[in-house]
Amino acid sequence: MQMYAINYTKPQVTLLQESGIGVSEVAARTCYDSFSNSENGVVQSIENIMPDKDMLCELNDIEDSNLLNDLAWTYFHHSILEHANLSYLIRGTSRGVLQEHARHRIQAISVRSTRYTMSCVINAFVASQYTKDRDFFIQKILDFDMFVTSDKTYNTIEADAIYEKLNLQASLVEDFYSIAVAKSSLKYLDEIKDDAQALYEALESGKKKRNVGDAFKHIVTDNFKVDMVVTFNLRSLKNYLNLRDSGAAYFQIRWLAQEMMRVTPSKYLDLIIKKHSQEG
């Protein structure tokens, strides 16, 4: 049994869209030319006519298919599962999980970019350093809720480490502020010298430095929270859930797999998860 001395937050998952299993049955019926054997009337009809809009809606509402069950669990003809797709919105997993996720080749994945979304962190550091208020930066980072760890003492250490890395870079790079702050916002450094919060708000309200994250990716660790949208076909989802819901999986990605299963309708799980199929 694995034990973790530090507490972690769990990810949140929402199913954004599902294609239904009807298309997978049509694909399977096409392979075997067996439309007339379907228990779903709309699938039977497709043998003789091209489906119209109403038929497609009915097709996408199919909840069960005897043929798909047989192919999934008796004949292991899983290629037909590739015609069903599900998209998930994931919030609050970690960059460590992102690395694990990337090993699953067949998926579409869009991730919150550190290139374009790190300006609030850099602005907090600039405001903190320029006004010599280190505590301001650390508190801001804690307020941002950036880490999957939920222990305040640990997260304070993380925030302090980010400050140290940025502070070292600031001492080594000539004209650091021109790298960190948009040209049109540099004026605020002369106008606000002793109020970190006011300077931070001014920088935040001004134009953001383009691709500011490019110069500061070194501060990002596996502990950073990640938001992403992932789309799997059902065959790939089967592989993902079988591997990642295992006790041998990294615990954070196991949590994510379990949340994805929780929001996935039974009509899909019945075709890809053996224990779920048996329970049904």
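The values are calculated or read from the model by the stated rules, or taken from the named source; none is laboratory data. Here the structure is a predicted model, which is why all the values come from computation and not from measurement. Backbone-built Cβ (ideal geometry, glycine too); neighbour counts: all protein chains shown.
So here's what we get for this one:
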| quantity | calculated |
| --- | --- |
| Residues satisfying the stated conditions in the range 1-32, i.e. aliphatic (A, V, I, L, M) and in a loop (DSSP other than H, G, I, E, B) | 1, 3, 5, 6, 21 |
| Within the range 39-67, considering residues that are of a type in the set (Gly, Ala, Ser) and more than 17 Å from residue 81 (Cα to Cα), the one surrounded by the most Cβ atoms within 10 Å (Cβ to Cβ) | 45 |
| Within the range 166-258, helices (runs of 4 or more DSSP H) holding 2 or more residues that are among the charged types (D, E, K, R) and surrounded by fewer than 17 Cβ atoms within 10 Å (Cβ to Cβ) | 187-191, 196-205 |
| Single condition residue 6 does not satisfy, out of (1) closer than 18 Å to residue 268 by Cβ; (2) among the hydrophobic types (A, V, I, L, M, F, W, C); (3) touching a residue at least 40 places away in the same chain (Cβ under 8 Å) | (1) |
| Candidates 161, 127 - the one that is in contact with a Leu (Cβ under 6 Å, 6 or more places away or on another chain) and either among the aliphatic types (A, V, I, L, M) or free of Cβ contacts under 8 Å to residues at least 24 places away in the same chain (or both) | 127 |
| Test result for residue 95, under 24 Å from residue 212 (Cβ atoms), basic (Lys, Arg) and under 20 Å from the mean Cα position of the chain (by Cα) | yes |
| Hits in the range 267-280 (condition: touching a helix residue (DSSP H, G or I) at 6+ places or on another chain (Cβ under 7 Å), modelled with pLDDT of 90 or more and in a helix (DSSP H, G or I)) | 268, 269, 270, 271, 272 |
| Residues within the range 151-175 that are over 32 Å from the mean Cα position of the chain (by Cα) and aromatic (Phe, Trp, Tyr), tallied | 0 |
| Filter result for the condition that a residue is farther than 28 Å from residue 275 by Cβ, among the acidic types (Asp, Glu) and not assigned by TED's automatic domain parsing to the domain that holds residue 137, over 70, 33 | 33 |
| Residue tally, condition of a type in the set (Val, Ile, Thr), modelled with pLDDT under 95 and in a loop (DSSP other than H, G, I, E, B), over the range 33-73 | 1 |
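Rundown of residues vs (1) of a type in the set (A, V, I, L, M); (2) in the same structural domain as residue 61 (by TED's automatic domain parsing); (3) touching a helix residue (DSSP H, G or I) at 6+ places or on another chain (Cβ under 9 Å); (4) closer than 24 Å to residue 135 by Cβ, yes/no style:
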| position | (1), (2), (3), (4) |
| --- | --- |
| 177 | no, no, yes, yes |
| 190 | no, no, no, yes |
| 241 | yes, yes, yes, no |
| 260 | yes, yes, yes, no |
